[in-house]
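The values are calculated or read from the model by the stated rules, or taken from the named source; none is laboratory data. Keep in mind it's a predicted model, so treat the numbers as computed, not measured. Every residue, glycine among them, receives a Cβ derived from its backbone with ideal geometry; neighbour counts consider all protein chains shown.
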Amino acid sequence: MNYPRVASRYSKALLELAVEKNELDKVSADVATLKAAVSGSRDLELLLASPIVKTDKKQAILNEVFKGAFSPIFEGFVSLITKNGRESILIAICEKFEKDVLEHKGIVEAEVTTAVALADADKAKLVVSLKTQLGKEVILKEYVDASTIGGMKLFVGGYQIDNTVSGKLRALRNQLIDTSYETKL
């Protein structure tokens, strides 16, 4: 996902503060709690996105809903976001923060898509291979998509490697379409 520049800035500021105060794990847990609460409540999601509800009312509601649930750092951060009128991008900030935390810890997320679920041994081999190539810890997210027919599609660090049968067929089709046929008479 592309995050708005402002979400990246807020995320970076929260990460720096959490690291400085040595509360990165607690703030990460707070971020996960907030994300889960908002994704689980349509009303809360609508409240954050609503331009009609005044900022002080949003702040009061958030304080009441999450009373005592967050660390002082994250509580102050949410208050600042609301005071600055940026609550509509709060979830984007949280998602960016989670990615920034992984990067800070030297962990990379990799997504693999296959036609059938990978065996545990194959997943382990893939993780070890990626770890060796990237020099970082790897968290593997697996997706199953029967339309790939066979092979795998790997997305890691902004790069995509498509080694699926459907991808190769698509490439072949495009190559055939682009090739002009000339008869030799």
**OP:** Might you check whether a residue that is of a type outside the set (A, V, I, L, M) and touching a Lys or Arg at 6+ places or on another chain (Cβ under 6 Å) occurs anywhere in segment 122-129?
**Re:** no
Original post:
Of (1) basic (Lys, Arg); (2) surrounded by 14 or more Cβ atoms within 10 Å (Cβ to Cβ); (3) more than 19 Å from ARG86 (Cα to Cα), LYS35 satisfies all except one. Which?
Top reply: (3)
**OP:** Take segment 151-175 and flag every residue that is at positive phi and loosely packed, with under 13 Cβ neighbours inside 10 Å.
**Re:** GLY157, GLY158
**OP:** Look at segment 5-20 and say how many of its residues are farther than 14 Å from VAL78 by Cα and in contact with a helix residue (DSSP H, G or I) (Cβ under 6 Å, 6 or more places away or on another chain).
**Re:** 1
Original post:
Out of all the residues in segment 136-161, which are under 19 Å from ALA117 (Cβ atoms) and of a type in the set (Asp, Glu)?
Top reply: GLU142, ASP145
Original post:
Which condition number in (1) exposed (fewer than 13 other Cβ atoms within 10 Å of the Cβ); (2) at pLDDT below 95 is the one that ASP25 fails?
Top reply: (2)
Original post:
Can you find a residue in segment 57-66 that is within 30 Å of ASN163 (Cβ to Cβ) and either in contact (Cβ under 8 Å) with a residue 60 or more places away in the chain or surrounded by fewer than 19 Cβ atoms within 10 Å (Cβ to Cβ) (or both)?
Top reply: no
Original post:
For segment 120-140, how many residues meet the condition of being under 21 Å from the mean Cα position of the chain (by Cα), under 17 Å from THR164 (Cα atoms) and not aliphatic (A, V, I, L, M)?
Top reply: 1
Original post:
Do you know which of the residues in segment 76-100 that are under 19 Å from the mean Cα position of the chain (by Cα) and of a type in the set (A, V, I, L, M) is nearest to ASP25 (Cα to Cα)?
Top reply: ILE93
